[in-house]
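Written below as structure tokens is the structure these notes are about.
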Amino acid sequence: MGIIKQLFLPNQYVNSIYEIDFDKLQQLNIKGIITDLDNTLVGWDEAQPTPKVENWFKTLDEQGFKVTVVSNNNEQRVKSFCQNLKVDYIFKAQKPRGKALRRATEQMGIQKDEVVVIGDQMLTDVFGGNRHGLYTIMVVPVKNSDGFITKFNRLVERRLLKHFKRKGYIKWEES
């Protein structure tokens, strides 16, 4: 079960992006953030960033983090969301495959040990990030509704989380 833990257990688990401790990330020498979009930043059915999300990005910028939104969604969705934030993005990322994560790291001009991946899905964001040696933070999904494939992923995630909790690998409580 060691390989399962290594691939699917995030480095951190938080209720939302707003609980992420940027000072702690800087202490870990994190300089770049790759964040998922749907159900991580806003609900999958919300077209634009909320004022709170805009402030979150502003704080990241003020603290000197480079940020790239990496989403499996289509260009129109991701571009429309990211344009006003003036943030780089990669669409149709095919996470957990690593091509988009490597590309985002290269575009930010930093090393992979200086990058955190933030997302709401263990089987795409966490698995993709862990598989490629990136620090990972899993957030509770913004919305409880998902598409068909994501619903399947959530079933697998719940089983993995229960296993990790039973083994004492996790220190957080599920919401």
Handout entry: The lone exception for residue 104 - which of (1) at pLDDT below 95; (2) buried (at least 18 other Cβ atoms within 10 Å of the Cβ) it fails
Key = (1)
Handout entry: Residue within segment 136-159 that is aromatic (Phe, Trp, Tyr), modelled with pLDDT of 75 or more and out of contact with any Ser or Thr (no Cβ under 8 Å at 6 or more places or on another chain) present
Key = no
Handout entry: Verdict on residue 119 being in contact (Cβ under 8 Å) with a residue 24 or more places away in the chain and open to solvent by less than 10 Å² (accessible area, probe 1.4 Å)
Key = yes
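Looking only at segment 44-55, filter to residues that are surrounded by 15 or more Cβ atoms within 10 Å (Cβ to Cβ) and part of a loop (DSSP other than H, G, I, E, B); which one of those is modelled with the lowest pLDDT?
The selected residue is 44.
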Problem - Residue, most open to solvent (accessible area, probe 1.4 Å), within segment 66-80, restricted to residues that are among the hydrophobic types (A, V, I, L, M, F, W, C) and touching a helix residue (DSSP H, G or I) at 6+ places or on another chain (Cβ under 7 Å) - result: 67
Exercise for the section: Would you mind finding the one in 136, 40 that is in a loop (DSSP other than H, G, I, E, B), open to solvent by less than 10 Å² (accessible area, probe 1.4 Å) and under 17 Å from residue 12 (Cα atoms)? Expected result: 40
Exercise for the section: State whether one or more residues within segment 100-112 are closer than 21 Å to residue 26 by Cβ, touching a residue at least 24 places away in the same chain (Cβ under 8 Å) and assigned to a loop (DSSP other than H, G, I, E, B). Expected result: yes
Practice task
Starting from segment 79-98, keep only residues that are over 16 Å from residue 119 (Cβ atoms) and touching a residue at least 12 places away in the same chain (Cβ under 8 Å), then list their pairs with residues that are open to solvent by less than 30 Å² (accessible area, probe 1.4 Å) and not β-branched (Val, Ile, Thr) whose Cβ atoms are within a distance under 8 Å, requiring at least 6 positions of separation or different chains.
Solution key: 84/49; 85/49; 85/57; 88/82; 88/104; 88/108
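The values are calculated or read from the model by the stated rules, or taken from the named source; none is laboratory data. Keep in mind the model is a prediction, meaning the values are calculated, not measured. Every residue, glycine among them, receives a Cβ derived from its backbone with ideal geometry; neighbour counts consider all protein chains shown. Side chains included, ligands, DNA and RNA excluded: accessible areas come from the protein's heavy atoms. Shrake-Rupley method; radii C 1.70, N 1.55, O 1.52, S 1.80 Å.
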